[in-house]
1. Rounding to the nearest 20 debye, state how big the charge dipole of the chain is about its Cα centre with +1 on each Lys and Arg Cβ and -1 on each Asp and Glu Cβ.
2. Using DSSP to call loops (not H, G, I, E or B), can you name the trypsin sites (Lys or Arg not before Pro) in the chain whose Cβ has at most 13 other Cβ atoms within 10 angstrom?
3. Give a residue-ordered list of calculated ³J(HN,Hα) values for the stretch 43-55 (Karplus: 6.51 cos²θ - 1.76 cosθ + 1.60, θ = phi - 60°; whole Hz; x for Gly, Pro).
4. Can you give the extra length, in nm with one decimal, that the chain gains between Ile38 and Leu53 once fully stretched, where that is 0.36 nm per residue apart less the Cα-Cα distance?
5. What does the charge count around Ile48 come to, taking other residues whose C-beta lies under 15 Å from its C-beta (Lys +1, Arg +1, Asp -1, Glu -1)?
6. Normalise the Cα radius of gyration of the chain by 2.2 N^0.38 Å (N = residues in it) and let me know the number.
7. Check cross-link reach from Lys33 to the aspartates and glutamates: straight Cα distance under 13 Å, and skip same-chain residues fewer than eight apart.
8. Karplus couplings for the stretch 7-14 from phi (6.51 cos²θ - 1.76 cosθ + 1.60, θ = phi - 60°), rounded to Hz, Gly and Pro as x?
Amino acid sequence: MSKIVSIRIPDSLASSIALIARKTEMPKSFHIKKALEIYLEEMADMQIAANRLNDSNDPIISLSDMRTELEL
């Protein structure tokens with residue numbers, strides 16, 4: 001199932017989306033959905049990283065220890 005979402009974007013961004021859609025022969029909605037998916041994945045990853053960084057119980061591994069562990 002899908003939902004309709006209305007947003008306002010700057011003309012320059014709308015032009016970029018239209019150009020990419022023409023060049024790829026894919027609908028603008030395809031590119032907008034893909035961009036949102038990537039953005040949301042990145043935000044989730046960033047939140048996980050921030051949580052781990054602020055977790056005092058999460059051990060910190062030095063670069064030299066990591067290289068030794070990975071045999072680099």
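1. Values: 9 positive and 11 negative charges, 155 e Å.
For the chain, the charge dipole is close to 740 debye.
2. Details: sites: Lys3, Arg8, Arg22, Lys23, Lys28, Lys33, Lys34, Arg52, Arg67; in loops: Lys3, Arg8.
Filter output for the chain: Lys3, Arg8.
3. 5, 5, 4, 5, 5, 4, 4, 5, 4, 5, 4, 8, 8
4. Numbers: separation 15, 0.36 × 15 = 5.40 nm, distance 2.23 nm.
Gain on extension, Ile38 to Leu53, equals 3.2 nm.
5. On the way: positive: Arg52; negative: Glu41, Glu42, Asp45, Asp55, Asp58.
Taking every Cβ under 15 Å from that of Ile48, the sum is -4.
6. Values: Rg = 20.1 Å, N = 72, 2.2 N^0.38 = 11.2 Å.
Taking N as the residue count of the chain, the ratio is 1.80.
7. Within the straight-line limit of under 13 Å, Lys33 reaches these aspartates and glutamates: Glu41.
8. 9, 10, 10, x, 4, 5, 5, 4
No value in this document is a laboratory result; all are computed from the given coordinates. Given the structure is predicted, the values throughout are model-derived calculations rather than measurements. In this analysis, Cβ positions are derived from the backbone assuming ideal geometry, glycine residues included, and neighbour counts consider all displayed protein chains.
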